[in-house]
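Comments concern the structure below.
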Amino acid sequence: MTTTTTNTLQDQIRDILRSETYLKENADGTFYDELYADYRDTLDKKIAIEFLNSSSPFEKFYDALTEWYMEAEFEAFDEAVRKVMKNLEGADEDEVIEIMRDMVYFDYPADHYLKQKFCTNILIDTGDGNYDFVLNSVFPHYDGEYDTEIEDEASLTRLAGTQGYTKAQLWEALQQGDMADAHNFLESVRVEVANASSHMNALVFLVELTLEQLIDLKQHVDNAVDGEYLVVDKRAMTGLYDPWCGGGSVLEIQLEKDVKIPFKFIRSMIPDGGDGYGIANVYGMCESAWRYGGVKEIITKEG
């Protein structure tokens, strides 16, 4: 097809793009399409962890996306040029390309990767870090002494408060030692402490989050402000874990209420294995262990 009714080369190119290509037209006369991502295309967990460990995760992500899809973008653009040149006799190809560079663009399939879910560990530090994460190793833990009370800074003390229990109630429960067939929060904490295989035990919540959620939450964790927090579903697998040595307890603390976690108390919120040994490797767990828990609410100063 040769277009002869338009006034300028730009108009002719636009007519051909409308009639001869799959490109979609914007109101401003530009054309675009989204590059294809196969449903099997997934982001490797190690790469996601690299993004989250950088100072600018979104920038790192989009730089990588450009690298992955640059060749596909060039091929799609060249195909559009070929369609135009085939239907525009006698035109100078270099001039056509120059015009089309301002007229045609391709969106990368960012959402395909940003919506990908990751098994994420939320490691808590309510002051534990100042004591090398040993504050939860109280009786009935093998390294704990019966007459040495749990500290205020221990993450288990803070967790008990979110469940409606005082430090005194927690301590009284712990002094009763290990038990079988725990049925509530205090009983399950007794079992968790007694069966911890390490002396360095951090409180951990297992949740499933998308890459987009992780990147958004990272800025809140990195710039923690008083009064800002997230709420974790009470169904989340919760327990004591040692990512430094690759150990921990049974991860069977039974939460009775959703847990409000101030951002300032989060040591890390990253896909499993991004902060020390991964739980999946240490325990041999499948992804379903993370699927019961999620972030139900995020409270920030901006609302």
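Nothing in this text is a laboratory measurement; each read-out follows from the coordinates by a stated rule. All values derive from a computational prediction rather than experimental measurement. For neighbour counting, all protein chains shown are included, and Cβ atoms are generated from backbone atoms with ideal geometry for every residue, glycine included.
Figures for the structure shown
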read-out	value
Restraint check, LYS117/LYS257; LYS46/LYS296; LYS60/LYS117; LYS45/LYS167; LYS24/LYS46; LYS24/LYS218, Cα-Cα greater than 29 Å	LYS45/LYS167; LYS24/LYS46; LYS24/LYS218
Förster radius 30 Å - calculated FRET efficiency between TYR142 and CYS286, Cβ distance, rounded to 0.05	0.55
Residue-averaged 222 nm ellipticity for the chain, from DSSP H runs of 4+ at -39500 (n - 2.57), nearest 500	-11000 deg cm²/dmol
Label-zone membership for the stretch 181-219, site GLN169, 7 angstrom Cα→C-beta point, backbone N under 19 Å	182-193
Stretchable slack from ASP94 to GLU256, in nm (0.36 nm times residue separation minus alpha-carbon distance)	51.5 nm
Cut-off 12 Å between beta-carbons: net charge of the residues surrounding THR126, Lys and Arg +1, Asp and Glu -1	-2
About the Cα centre, charge dipole magnitude for the chain (Lys/Arg +1, Asp/Glu -1 at Cβ), debye	940
Global geometry of the stretch 14-75, whether rounded, prolate or oblate, following the gyration tensor of its Cα atoms and the 1.5 cut on a/c	prolate
Efficiency of FRET between SER55 and TYR32 - r from beta-carbon atoms, R0 25 angstrom, step 0.05	0.20
Of ALA64, ILE47, ILE261, farthest towards positive along the dipole that unit charges on Lys, Arg, Asp, Glu beta carbons give the chain	ILE261
In sequence order, calculated HN-Hα J values of the stretch 176-182 (Karplus, 6.51, -1.76, 1.60; Hz; x Gly/Pro)	7, x, 5, 7, 9, 6, 5
Paramagnetic label zone (point 7 Å from Cα along Cα-to-C-beta, ASP152; backbone N under 11 Å) in the stretch 167-192	none
Under-5 Å amide H pairs with LYS296, H placed in peptide plane, nonlocal only	VAL231, VAL232, ASP233
Pair ARG18, THR66: separation of 7 Å Cα→Cβ label points (nm)	3.3
Separation of alpha-carbon centers, the stretch 203-223 and the stretch 35-82, rounded to whole Å	21
Full-stretch length increase - GLU25, ARG101 - with 0.36 nm per residue and alpha-carbon distance subtracted	25.9 nm
Relative contact order of the chain, pairs being alpha-carbon contacts under 8 Å that are 6 or more residues apart, as %	19
Spacing of the two label points (7 Å from each Cα toward its C-beta) at ASP181 and GLN116, in nm	4.6
